[in-house]
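The values are calculated or read from the model by the stated rules, or taken from the named source; none is laboratory data. Everything numeric here is computed off the predicted structure, so don't read it as measured data. Note that each Cβ is placed from the backbone with ideal geometry, even for glycine, and that neighbours are counted across all protein chains shown.
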Amino acid sequence: MNEILNMTALELSAGIKKGEVSCQEAAQAALNVIRTRQDQLNTFITVTGRQALERAAALDRRKGSGPLFGVPGAVKDNLCTQGLRTTCASLMLERYVPPYNAGVIDLLDEAGTVLLGKLNMDEFAMGSTSETSCFGPVKNPWDLSRVPGGSSGGAAAAVAAGEVWFALGSDTGGSVRQPAAWCGVTGIKPTYGTVSRYGLVAYASSFDQVGAICRDAADCAAVLDAIQNHDPRDSTGLPGEYGGLLAGLNGDIRGMRIGMPAQLFGDELDPQVRHRVLDAARVLRDRGAQVEECCLPAADYALAAYYVIACAEASSNLARYDGVHYGKRCAGDVGLEELYLRSRSEGFGSEVKRRILLGTFVLSEGHYDAYYAKALAARDMVRKSFEELFSQYDLLLAPVTPSVAPKLGQSLEHPARMYQTDSYTVCANLTGLPAMSIPCGQSEGGMPVGVQLIGPAFGEQTLLNAAHAVQRETHWHKLRPPCFGTGGEGT
Amino acid sequence: MRWETVIGLETHVELNTDTKIFCSCSTAFGAPPNTQCCPVCMGLPGSLPVLNRRVVEYAARIALALNCSITPLNRFDRKNYFYPDLPKAYQISQLYLPIAREGWLDVEMEQGRKSIRIHEMHMEEDAGKLIHHPDGGDTRIDYNRCGVPLVEIVTEPDFRSADEVVAYLEQLRSVLLYLGVSDGKLQEGSLRCDVNLSVRPEGSQTLGVRTEMKNLGSFRAVRRAIEYESQRQIRILESGGRVIRQTLRWDEDADQSIPMRTKEDAADYRYFPEPDLPPVELDEAFLTDLRTQQPELAAQKRARYCKDWGLSAYDARMLTGQRSLAEFFERTVALGAPPKKAANWIMGQVLRQLSARNLQAQDMTLQPKVLARLIALVEQGRINRNTAVEVFDAVFDGGDPEEYIAAHGLERISDCAQVRQAVEQVFAENPRSVADWRAGKEKALGFLVGQTMRMLQGKADPQTVNKLIRDRLTEE
């Protein structure tokens, strides 16, 4: 069974189309792994089980084309699914069932995939470790005492553990790339506006972007081909010609100019991580790219600007959870003010409260100019300096995080230190640029390390080609954690 | 000491687009609760707003009519506050870049014309409605109104009396109705205003401390609230007190203002740019199109009626009171009716019929060509005026005047021989009256005319009858 589980999504779909394996068998195999591993990894909040098998059976009868036809996947629990609870890993929405599907859910459906369930995450996508979930922390499949990263930790861990062939996450400040790096899988955050946010429960609207976590770059290309489009329901969506990324994937990077911003290789960077990232740079150079160091001074403002703007937007986006309309409502017959206070106090976890408070503060009268307006100005500076860099380079290469996955519980005590780990990833969110994380080896302790590639707007094809070039030459993305699949404990 | 009242107005206007400002739900008034809402206007998690371009168009048309400068690049902002009728806990509005600024509206008053300056106008979404249980039990929420498009028009503090405010509101309402962008119905809440009011010693140039009054649902309430609040402030100042800056609610039943909150606990709305909506560009081509499509407004029509057609100011005001009435008038004139005659007919007979039927001009089925034809028949002397009124009443709900006249034999007798014959007969039958007249009793003439008219069933021209009788009397 591990043979099926070890396939990429493209290989599995090819096998299904050839009749070598049925869609039901694949779904059942994955459900077996989920059942075996759920207690250890806690990757899922909701497993669709019977519903998924029925869908798989229907697909087996139908037969279809398309590179993802028949492939089981799962989505982060902040993507609305009609009739299927969507919790954002918060007590606030523990029993919330949306009446509509997110745009990307319908697109995955059209692509002929099977939804196995909803993945665990940091509460409302706020966090870098997937420990703030009201359903308990997700564990890293490579080391159960470590975090998988966040906020799409369930998504990265599920792909790494062989529970699904692909997953959708969301990336607001690195929430797809960072857990992908820490779990040793491939993750991509496309250009802001190229995947519909309709039905993605908002954290920070200017940065939120749905992304894919997969086994390799080719699978990422196929998933992006399925979900990128211009959805008229999302006004921040960008018109463009979507699709064709998989067809355009040739791994040809000869003459590609790649810059390594010195500011993203600072003193805080763990030397082991630095070495692995430079290994990846070397592979690219060997394959014909020109790789050189470059300068990105504005990067110093990125983290502060990101947290000010993200928290400001979050404080407004999460105000609707007030106990009046839906979701958690405090017990007892209390007055309106009390209802607000108690419902929100009981419904939100401490990290969410911290960000709401920060955001409320920076937007309040007398502070707006000192914080929010300054952060917007800093964002413009970061955008400009990236624009300048992309007049010289086709891609930028950097680490994803300063270190490998930390132990569970370490980060929660030091929120500011946890925020620091987002330094390398937030730039792509401030600028809206596409970026991905691909495995580039392991630390001495056997924990995966990721390398980040950042492209110009609409530069997904370039990104994927560079990633594909690395993955053709290396086996890093093929490394599997000890608990991969059912580990012999089941079939 | 003599006091001067200084007032500024904030008026919310509900636009009558078919669908809401950020989703495609219907805006129709009066539907059962929560039957016109969707994930977007209910603010469900994950939903996103999409701007209804028609709202921008309507707002821009109002801005043009109010002589405002229009912001070429519009942005929306979020106004954050908690209230159960606001499901997102923020209202999408405009703070930093409102669609229009710096305009004016000329208001005609008995004392003359006054120009009220417009400070700014912005677009925003309406909130839902709370329905409190009459027994004081639970409160329910109706989301139907959530997301109905509004513009808020803010004036400078240019008013000095309730009369001016009411005149402005009536003028504004007329502009909105002429533009066709709002129902302008106060009782359905499609026009709501807040009054900012302060008083100061007459001659003073500095503004006093102001209060804001909300919940003014009728012109009468506006007038009462202004009178009440300015008296209240004057009383405080005259007794040596200080007016405090606060928000008041006008209680129409109690006929008094009730404090809601003071400035100290005023809400901090934490406005910031709405990240879910990109900026909206209003390019010159779009505005040029709107300018050319802009209908003629009541004030312009009034000026034209007086200047080109010699109507009195009073008549011009009556005719332009409703856009459809003015249009009816203009079409009647275009069909050849003399303007003054058409005006008299409309202000007399048409309004009489409408009020008898309790109808608005826009609901009238009468066609301008029918009235024009009727006026022409009178002008040509084919029917007399009294007959015309009878025909008018008969065809008001439909029918052809000439057919009616023919069917009822109402055409005027223009044949002198026929009249002369009738006169002969009347003279023969009433020798006594003839003798009376000759004896100097002038009144007898009237009797003879009446008898002749009766014989001719009223279809003769009374003047002709009069002349023939006089001729006949003096013949002998």
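Quick notes on this one:
- Filter pass, B:LEU445 being within 12 Å of B:LEU473 (Cα to Cα) and in the same structural domain as B:LYS467 (by TED's automatic domain parsing): yes
- Restricted to region A:340-355, and to residues there that are of a type in the set (Lys, Arg) and crowded, with 21+ Cβ neighbours inside 10 Å, the residue that is nearest to the other protein chains (Cβ to nearest Cβ) is A:ARG344.
- So A:ALA398, is it assigned to a helix (DSSP H, G or I), modelled with pLDDT of 95 or more and crowded, with 16+ Cβ neighbours inside 10 Å: no
- Complete set of residues in region A:346-389 that are of a type in the set (Asp, Glu) and over 18 Å from A:TYR203 (Cα atoms): A:GLU346, A:GLU365, A:ASP369, A:ASP380, A:GLU387, A:GLU388
- Tally of residues being of a type in the set (S, T, N, Q) and either surrounded by 12 or more Cβ atoms within 10 Å (Cβ to Cβ) or not assigned by TED's automatic domain parsing to the domain that holds B:LEU207 (or both) across region B:238-251: 2
- Output for region A:427-486, where each listed residue is part of a helix (DSSP H, G or I), in contact with a strand residue (DSSP E or B) (Cβ under 8 Å, 6 or more places away or on another chain) and small (Gly, Ala, Ser): A:ALA428, A:ALA466, A:ALA467
- On inspection, A:GLY459 fails the criterion of being more than 17 Å from the chain's Cα centre (by Cα) and more than 21 Å from A:LEU389 (Cβ to Cβ).
- Those helices (runs of 4 or more DSSP H) lying entirely in region B:311-364 with at least 1 residues touching a residue at least 12 places away in the same chain (Cβ under 8 Å), buried (at least 21 other Cβ atoms within 10 Å of the Cβ) and among the charged types (D, E, K, R): B:313-319
- Qualifying residue in region A:363-376 (condition: in a loop (DSSP other than H, G, I, E, B), more than 12 Å from chain B (Cβ to nearest Cβ) and either of a type in the set (A, V, I, L, M) or more than 30 Å from A:GLN272 (Cα to Cα) (or both)): no
- Meets criteria (assigned to a loop (DSSP other than H, G, I, E, B), within 14 Å of another protein chain (Cβ to nearest Cβ), touching a Pro at 6+ places or on another chain (Cβ under 9 Å) and not aliphatic (A, V, I, L, M)) for A:SER205: yes
- B:PHE22 among the aromatic types (Phe, Trp, Tyr), farther than 26 Å from B:SER198 by Cα, in the same structural domain as B:TYR168 (by TED's automatic domain parsing) and over 25 Å from the mean Cα position of the chain (by Cα): yes
- Residues within region A:57-91 that are of a type in the set (Gly, Ala, Ser), crowded, with 24+ Cβ neighbours inside 10 Å and more than 19 Å from A:ALA125 (Cα to Cα), tallied: 2
- Being under 18 Å from B:MET1 (Cβ atoms), assigned by TED's automatic domain parsing to the domain that holds B:GLY128, of a type in the set (Lys, Arg) and exposed (fewer than 13 other Cβ atoms within 10 Å of the Cβ) holds for only one residue in B:ARG200, B:ARG220, B:ARG235, and it is B:ARG235.
- Taken over region B:266-309, the criterion of being under 23 Å from the mean Cα position of the chain (by Cα) and part of a loop (DSSP other than H, G, I, E, B) is satisfied by B:GLN294, B:PRO295, B:GLU296, B:LEU297.
- Flag for B:ALA31 being within 21 Å of the chain's Cα centre (by Cα) and either outside any loop (DSSP other than H, G, I, E, B) or more than 14 Å from every other protein chain (Cβ to nearest Cβ) (or both): no
- Of everything in region A:83-109 that is facing chain B (nearest Cβ under 10 Å) and part of a helix (DSSP H, G or I), the residue that is nearest to the chain's Cα centre (by Cα) is A:GLY103.
- Of the residues examined, B:ARG75 is one that is within 14 Å of chain A (Cβ to nearest Cβ), surrounded by fewer than 22 Cβ atoms within 10 Å (Cβ to Cβ) and more than 25 Å from B:LYS185 (Cβ to Cβ).
- The sole residue among A:GLY199, A:GLY150, A:GLY173 that is among the small types (Gly, Ala, Ser) and free of Cβ contacts under 8 Å to residues at least 40 places away in the same chain is A:GLY150.
- The residue of region A:303-339 that is modelled with the lowest pLDDT, among those that are away from chain B (no Cβ under 14 Å) and touching a Ser or Thr at 6+ places or on another chain (Cβ under 7 Å), is A:CYS330.
- When restricted to residues that are crowded, with 24+ Cβ neighbours inside 10 Å and either at negative phi or aliphatic (A, V, I, L, M) (or both), region A:109-130 contains 13.
- Every condition in (1) away from every other protein chain (no Cβ under 14 Å); (2) surrounded by fewer than 16 Cβ atoms within 10 Å (Cβ to Cβ); (3) more than 30 Å from A:TYR372 (Cα to Cα); (4) of a type in the set (A, V, I, L, M, F, W, C) holds for B:LEU169 except the one numbered (2).
- Residue among B:SER47, B:SER69 that alone is more than 13 Å from chain A (Cβ to nearest Cβ), without any contact (Cβ under 8 Å) to a residue 40 or more places away in the chain and of a type in the set (Gly, Ala, Ser): B:SER69
- Of the set (1) of a type outside the set (Phe, Trp, Tyr); (2) in contact (Cβ under 8 Å) with a residue 60 or more places away in the chain; (3) out of contact with any Pro (no Cβ under 6 Å at 6 or more places or on another chain), all apply to A:LEU84 but (2).
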